[in-house]
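Asks: Input: one structure, supplied below.
Each reported figure results from applying straightforward, stated rules to the coordinates on display, with no laboratory input. Everything quoted here is computed from the prediction, not taken from an experiment. Note: ideal-geometry Cβ built from the backbone for every residue, glycine included; neighbour counts use all protein chains shown.
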């Protein structure tokens with residue numbers, strides 16, 4: 001069978017591809033994977049002969065229908081314009097986050113086999129007055145173009161699934177930290193930057209107040225949960241296919257305490273505070289905690305603690 | 001100033017046009033209206049020289065940009081494929097309920113003046129496990145293509161408003177009863193039919209169980225609330241512009257009791273019961289009651305009772 005990963009050259013996409021192949025090789029995926037197609041603006045960096053890179057535009061219907069082949073078991077739709085980029089370019093956000101999603105759903109529908117369809121959404125769909133802990137049935141009230149376009153994507157994917165055109169698993173990701181590499185265009189980029197840069201001996205600016213609560217997941221945990229999502233039998237899933245993936249609740253102050261414990265006072269001293277009103281407005285409109293009992297019962301897992309995520313990063317990426 | 005009403009030839013659209021002009025003539029609209037353009041597949045039946053009918057496709061971007069002129073104060077976007085039609089034709093529902101909404105929003109955005117934009121949504125956006133009384137922040141979990149496409153429309157209109165491209169008032173309408181005329185393609189068509197047909201001496205079939213709770217509004221009340229929506233100052237409105245319009249909660253059994261009191265035992269005897277599983281599934285996924293305190297504080301009004309709506313229909317339409 002064939003698995004397609006849009007955004008397969010990206011940070012998350014390349015890790016998902018690697019984890020899917022490892023899971024297949026370990027016999028724990030539940031279906032055979034002979035080929036993984038990465039569709040992205042660049043080639044996937046995953047060095048495996050089963051990975052085929054298609055370099056192209058995810059919003060082009062012809063490219064999508066070429067990629068979606070008859071033996072497609074599953075599609076991971078990860079490609080997106082992130083939160084900062086979406087706020088800067090409203091039209092591009094709609095083109096990629098909404099139109100491309102619909103074109104991909106149409107290509108999947110044309111197969112007639114209802115492939116599994118994993119869509120990554122985000123806690124940025126939320127906004128407005130937030131309860132202390134977000135229940136599964138809280139209304140989305142996005143306060144960013146990214147959140148609005150992801151919320152539209154959720155409704156599209158769920159409806160195509162309800163009609164039997166795909167078999168959806170819509171995963172609302174926590175903010176990912178600690179993310180390796182360079183800052184990106186997500187407004188939450190600082191949530192990795194304030195740990196990653198100081199651990200590398202570089203300065204970092206924190207743009208939000210110290211009491212800002214975040215709902216976080218390490219990259220490894222998010223990837224493991226995304227692989228778990230494709231494995232689940234449809235009978236286990238609720239009718240409404242949107243899943244708030246587990247995370248851990250931490251304040252920025254607590255993140256900095258973890259930084260100090262793992263990296264020392266000299267790491268902490270590299271973080272300066274310059275509040276950015278727009279970033280603070282958007283990030284503080286996101287929830288800081290979720291009721292995930294149903295997700296845990298389905299076998300999804302959070303990190304044991306944020307500090308473990310910091311150590312995970314240090315052990316893997318800091319010389 | 002100019003007001004545009006899509007679906008202006010329809011049941012609701014023609015009444016909204018009449019009410020807007022009456023409100024203007026009474027000096028209570030808050031802005032002057034020299035012209036109302038009805039955009040629909042037929043001519044608006046409203047006999048007023050200020051009404052201009054454009055007969056065309058609401059999903060055609062060129063038609064929309066021709067209609068949306070520089071002095072446009074307000075747009076009512078009422079045109080839609082209803083619930084039954086949407087379930088029957090998935091693609092048409094997306095073309096009209098989603099794509100046309102976005103094209104119209106784009107035409108409004110091109111003006112650069114952020115016209116008021118009244119969008120009619122529906123309680124059909126809800127589904128899943130329903131609390132006894134629906135709060136303002138309950139998640140939408142549509143169980144019909146109509147509900148899904150309307151929920152997407154809500155997110156689009158709200159986001160265009162948040163970005164300052166339009167000034168949105170998104171009204172989730174109760175089920176309208178008693179609606180004059182013939183049955184339509186809404187799955188809730190029976191909610192008028194079981195009153196209207198018997199009062200005209202004709203038989204009617206009730207396709208849902210008698211304990212089904214409905215959230216209802218008379219046509220006059222819905223139209224008055226839609227005119228009120230355009231009048232409100234943006235400063236009065238919440239940031240999230242979706243409004244659950246007031247209604248009254250009644251069971252089908254209570255509706256039939258009202259029918260008997262207003263039309264007699266001979267009217268009631270014309271109603272037969274043949275349960276339709278698909279109609280019952282969809283209608284029973286909709287909420288039967290809402291918390292509308294905030295709406296009442298904004299000046300929106302429900303009917304005094306369902307029985308008054310039945311009498312309203314009898315006095316106006318039954319000879």
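Asks: Taking N as the number of residues in the stretch B:64-185, what is its Cα Rg relative to 2.2 N^0.38 Å?
Replies: Expressed relative to 2.2 N^0.38 Å, the Cα Rg reads 1.11.
Asks: Peptide A:232-240: average number of partner chain Cβ atoms within 10 Å per residue?
Replies: What the average comes to for A:232-240 is 2.
Asks: What's the percent breakdown of Cα-Cα distances in the stretch A:187-319 across 5 Å bins, shortest bin first?
Replies: In order of increasing distance, the bins hold 2, 10, 19, 20, 17, 14, 9, 6, 3, 1, 0 percent.
Asks: Taking residue A:265 in one copy and the same position in all the others, each labelled 7 Å out along Cα→Cβ, what are the pairwise distances from the first, in nm, shortest first?
Replies: 9.4
Asks: Another question, if that's okay. Run through the other copies and list how far each one's label point is from that of residue B:210, in nm with one decimal, shortest first; the point sits 7 Å from Cα along Cα-Cβ.
Replies: For residue B:210, the inter-copy label distances come out at 6.7 nm.
Asks: Separate question: Distance between the C-alpha centers of the stretch A:182-253 and the stretch B:1-15? Whole Å please.
Replies: 47
Asks: Using a basic spin-label model with each label point 7 Å from the Cα along Cα→Cβ, how many nm lie between residue A:55 and residue B:261?
Replies: The modelled label-to-label distance comes out at 7.5 nm.
Asks: Considering Cα pairs under 8 angstrom that are at least six residues apart, work out the relative contact order of the stretch A:41-114 and quote it in whole percent.
Replies: 33
Asks: With each label point set 7 Å from Cα along the Cα-Cβ vector, what nm distance links residue A:235 and residue B:182?
Replies: According to this spin-label approximation, the distance is 4.6 nm.
Asks: Where does chain A land at 222 nm, in deg cm²/dmol rounded to the nearest 500, when only DSSP H runs of n ≥ 4 count, each adding -39500 (n - 2.57), divided by all residues?
Replies: Calculated at 222 nm, the ellipticity per residue is -11500 deg cm²/dmol.
Asks: Most exposed first by the Cβ proxy, i.e. fewest other Cβ within 10 Å, how do B:1, B:255 rank?
Replies: By the 10 Å Cβ count, ascending: B:1, B:255.
Asks: For a paramagnetic label modelled at 7 Å from the Cα of residue B:28 toward its Cβ, which residues of the stretch B:207-229 fall within the zone defined by backbone nitrogen distances under 15 Å?
Replies: Answer for the stretch B:207-229: B:220-229.
Asks: Continuing with the same structure: If I take every Cα pair under 8 Å that is 6 or more residues apart in the stretch A:139-252, average their sequence separation and divide by the length, what percent do I get for the relative contact order? Can you show the working numbers first?
Replies: Numbers: 120 pairs, mean separation 37.3, N = 114.
Reported relative contact order: 33 percent.
Asks: OK, next. Which order do A:6, B:249, A:70 fall in if you start with the one that has the fewest other Cβ atoms within 10 Å?
Replies: Values: A:6 27, B:249 18, A:70 9.
Final ranking by Cβ density, sparse to dense: A:70, B:249, A:6.
Asks: Rank these for me by crowding, A:179, B:213, going from fewest to most other beta carbons within 10 Å.
Replies: By the 10 Å Cβ count, ascending, the order reads B:213, A:179.
Asks: Can you work out the base-10 log of I(q)/I(0) for the protein assembly as shown at q = 0.12 1/Å, using the Debye formula on its C-alpha atoms alone?
Replies: -1.24
Asks: If the label for residue B:182 sits 7 angstrom from Cα along the Cα-to-Cβ line, what are its distances to the same label in every other copy, in nm to one decimal, shortest first?
Replies: So the label point of residue B:182 gives 6.5 nm to the other copies.
Asks: How far apart, in nanometres, would the label points at residue B:71 and residue B:129 be if each is projected 7 angstrom from Cα along the Cα-to-Cβ direction?
Replies: Distance between the two pseudo-spin positions: 5.6 nm.
Asks: Pull out the extension gain between residue A:48 and residue A:251, defined as 0.36 nm times the separation in residues minus the alpha carbon to alpha carbon distance; nm, one decimal.
Replies: The residue A:48-residue A:251 span can extend by a further 69.2 nm.
Asks: Could you compute Rg(Cα) / (2.2 N^0.38 Å) for the stretch A:107-244, with N its residue count?
Replies: After normalising by residue count via 2.2 N^0.38 Å, the value is 1.19.
Asks: Right, here's the next one. At a threshold of 8 angstrom on Cα-Cα distance, excluding pairs fewer than six apart, so keeping six or more, what relative contact order does chain B reach in percent?
Replies: That works out to 18 percent.
Asks: Which three extents, in whole angstrom, do the alpha-carbon atoms of chain B cover along their principal axes, largest first?
Replies: 57, 42, 38
Asks: Given 0.36 nm per residue, what is the gain on full extension from residue A:41 to residue A:95 after removing their alpha carbon distance, in nm?
Replies: Here the answer is 17.9 nm.
Asks: How big is the Rg/Rh ratio for the stretch B:200-243, C-alpha atoms only, Rh by Kirkwood, two decimals?
Replies: My calculation puts Rg/Rh at 1.20.
Asks: Follow-up. Suppose we look only past 15 Å in the calculated P(r) of the stretch A:179-229. What percent of the Cα-Cα pairs does that tail hold? Please report the intermediate quantities before stating the final value.
Replies: On the way: 683 of 1275 pairs.
Distances greater than 15 Å cover 54 percent of the Cα pairs.
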